[in-house]
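Notes follow once the structure below has been shown.
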Amino acid sequence: MTEILTIFLVFSRLGLMAFGGAVGVLPELQREVVLNHGWLSEAEFVQAYALGQLAPGPNMLMTFFVGYRVAGVPGSLAAGLGMFLPPGILVYFAARSWQRFSQTPWALACQRGLTPIAVGLMAAGVFTLALSGINDIRGVVFALVAAVLLLARRMNPAQIVLVAGVIGLLLPT
Amino acid sequence: MAHYLHLVVERRRWLDEAQFLEGVALCQLLPGPNMGNLAVYLGQRLAGLAGSILGLLAIIGPGALFLILLGSVYSTASENPFFQRALLAVGPAAIGVITASTIRVAPGIRSSRAAIPIAVVTFMLLGVARVPLHWTLLIVAPFAIWTNRPGTAQ
């Protein structure tokens, strides 16, 4: 029971610090899951992120996968609800009065201030995952092709990841 | 997000585009996964508390179920050499995907002052120096918001 509570609290803290979306929280998520708690190995963490991309819905659904690997279905619910519920409660209460504040000068100032932070956080998330997940030339090629397919062909991320998995399966090692 | 907007504004006509974007702005201002937050916001606007709860459940439920199933497959099959080979490829592909998403949103910083220094310092602190996220935010956010305080919009 204490482990489930720990999982919930760790992911709640991460959810409440996820400014500008999910990718920015990846360095901290990796620190907690891999280094501080030793729940997953570095390679498993990258795989968890990638498999999370296959699911329909937000990127941070990966937390359900991570939680499952740590403590089965209860762990999965603790991690996923920890990530989504506390920020959701904040949004729920803020939504009721947001119409009055959304165009105030300070609300707009906060938005302008946070936008470049969000991009910096995302870049840090990409960098952190790349350090753990790209170890050879084949990895570089997969990443480059995937990026180009998304940017130029606007392919769906889940399709790209799935196709990469199938190609990986067929390639000799 | 474009798909979300199309569904809510054009297909269902639940909100107009300005109201939708107002919700997007709130979800970016507050912490948490953006799509989950937006589901709560839209649910609240359309049907109060019940709407929020249903919105969140609907957006995470199917994917969560899928990942729990995938987790159990992973637990039994992770030693299988074919599965291993597939896993070696999906990681880099997913990294390519988020690299592309980051490149796509980056031009959005143009309307902020000191945008490039703020983004670079944030990246260096969190990504390179591995400063914990809460410290990174406490160091960068006050400066960024003050630099973009009312009256400074470009």
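The values are calculated or read from the model by the stated rules, or taken from the named source; none is laboratory data. Just so we're clear, the structure is a prediction, and the values are computed from it rather than from any experiment. In this analysis, Cβ positions are derived from the backbone assuming ideal geometry, glycine residues included, and neighbour counts consider all displayed protein chains. Quick note on the areas: whole protein, heavy atoms, side chains included, nothing else; ligands and nucleic acids left out. Shrake-Rupley method; radii C 1.70, N 1.55, O 1.52, S 1.80 Å.
Those residues that are under 18 Å from the mean Cα position of the chain (by Cα) and either surrounded by 21 or more Cβ atoms within 10 Å (Cβ to Cβ) or not in a helix (DSSP H, G or I) (or both), I need them from the range B:54-69; list them, please.
B:Gly55, B:Leu56, B:Ile59, B:Ile60, B:Gly63, B:Ala64
Take the residues in the range A:87-111 that are within 20 Å of B:Asp16 (Cα to Cα) and of a type in the set (Phe, Trp, Tyr); name whichever of them is surrounded by the fewest Cβ atoms within 10 Å (Cβ to Cβ).
It comes out as A:Phe101.
Name the single residue, out of those in the range A:128-145 being within 7 Å of chain B (Cβ to nearest Cβ) and touching a residue at least 24 places away in the same chain (Cβ under 8 Å), that is nearest to A:Gly165 (Cα to Cα).
Only one residue tops the list, namely A:Phe142.
Checking A:Phe84 against (1) touching a Phe, Trp or Tyr at 6+ places or on another chain (Cβ under 8 Å); (2) of a type outside the set (Lys, Arg); (3) open to solvent by less than 50 Å² (accessible area, probe 1.4 Å), which single condition isn't satisfied?
Every listed condition holds for A:Phe84 apart from (1).
Tell me yes or no: at least one residue of the range B:25-41 is more than 20 Å from the chain's Cα centre (by Cα) and in a helix (DSSP H, G or I). Working first, answer last.
Filtering the range B:25-41 down to residues more than 20 Å from the chain's Cα centre (by Cα) leaves none.
No, the range B:25-41 contains no residue that is more than 20 Å from the chain's Cα centre (by Cα) and in a helix (DSSP H, G or I).
Please determine whether any residue of the range A:137-150 is outside any helix (DSSP H, G or I) and either on the phi > 0 side of the Ramachandran plot or open to solvent by less than 10 Å² (accessible area, probe 1.4 Å) (or both).
Here is the first cut: in the range A:137-150, the residues outside any helix (DSSP H, G or I) are none.
No, the range A:137-150 has no match at all.
Here are B:Leu15, B:Leu46: which of them is part of a helix (DSSP H, G or I) and either farther than 30 Å from A:Gly139 by Cβ or without any contact (Cβ under 8 Å) to a residue 24 or more places away in the chain (or both)? Show your work before the answer.
Working: B:Leu15 fails: part of a helix (DSSP H, G or I).
The unique qualifying residue is B:Leu46.
Counting only residues that are over 23 Å from A:Met62 (Cβ atoms) and out of contact with any Leu (no Cβ under 9 Å at 6 or more places or on another chain), which one in the range B:39-53 is surrounded by the most Cβ atoms within 10 Å (Cβ to Cβ)?
B:Gln44
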